[in-house]
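The values are calculated or read from the model by the stated rules, or taken from the named source; none is laboratory data. Treat the numbers as computed from the prediction; the structure is a model and nothing was measured. Keep in mind that these areas ignore ligands, DNA and RNA; they rest on the heavy atoms of the full protein, side chains included. Shrake-Rupley method; radii C 1.70, N 1.55, O 1.52, S 1.80 Å.
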Amino acid sequence: MKENEDTSPTNKSLANLFPSDKVYNNHNTTSLNINGEQTKANFIDVKYTEFGIYLPKYIKIKNFEDGNEFYLNEGEYITFIYDFISEDEDFDSCKLKAQEFVKDFGPVSNVEMITELQNYSEYLGSKINEYGKEKDFFLYKYNDKAIIIRITYRKENRKKILPIFLGIIKTTKYIPPE
């Protein structure tokens, strides 16, 4: 695949969650518009990946042996899942493989399509367990690099949490090697 080749979704009837400027531009801070309010956010590397994200100060970082997660509250967080498929495919092929991965990922539960998210071309589906915990999955692809972003929260908090998490994950950037 050529450098800067367009790996955007091909279904033009759907909105792109992630902007076309997918490469980190060395700006350490930015201003995010979340729920109509401007908030300052700092760029953070996602451990063990080639990606980063802008996080407002109210998001707490939890570090683990195999990576880090970004918490709004206990049980409400953003996770990056890497090394799930071959990344050197076009967006649509990569999305099909990512959807299969999501189907088999974690405890057994059906993949549902949430109405509020179906208009995003990068949306892979959601899993909601018997306790009401919802996990929404998105594919982020830049050239030959791909990652799945999962947002987790309680289903009854969707209207409150989903806009915050979508506003944050939209800032995901690929960090090119130096």
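With N set to the number of residues, divide the alpha-carbon radius of gyration of region 29-174 by 2.2 N^0.38 Å and report two decimals.
Details: Rg = 14.6 Å, N = 146, 2.2 N^0.38 = 14.6 Å.
Rg over 2.2 N^0.38 Å, computed on Cα atoms: 1.00.
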**Message:** Can you tell me which of L162, L96, L117 moves the most in a GNM of the chain? Springs connect C-alpha atoms under 10 Å apart.
**Reply:** L96
**Item:** Hits among aspartates and glutamates - C-alpha to C-alpha of K133 under 20 Å, sequence gap 8 or more where chains match
**Value:** E69, E74, E76, D104, E112, E116, E156
**Message:** Going by amide H atoms built from the backbone, whose H comes under 5 Å of the H on K47, apart from near neighbours?
**Reply:** N68
**Message:** I'd like the distance between the alpha-carbon centres of region 164-178 and region 128-156, rounded to an integer number of Å.
**Reply:** 14
**Prompt:** For the chain, modelled as a Gaussian network with Cα springs under 10 Å, which listed residue fluctuates most, E156, E37, E122?
**Reply:** E37
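Counting only protein heavy atoms and a 1.4 Å probe, tell me what percentage of the chain's accessible area is made up of carbon and sulfur.
Roughly 47 percent, rounded to a whole number.
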**Complete:** In the structure shown, of K22/K135; K95/K173; K60/K97, the pairs separated by more than 28 angstrom at the C-alpha atoms are K60/K97
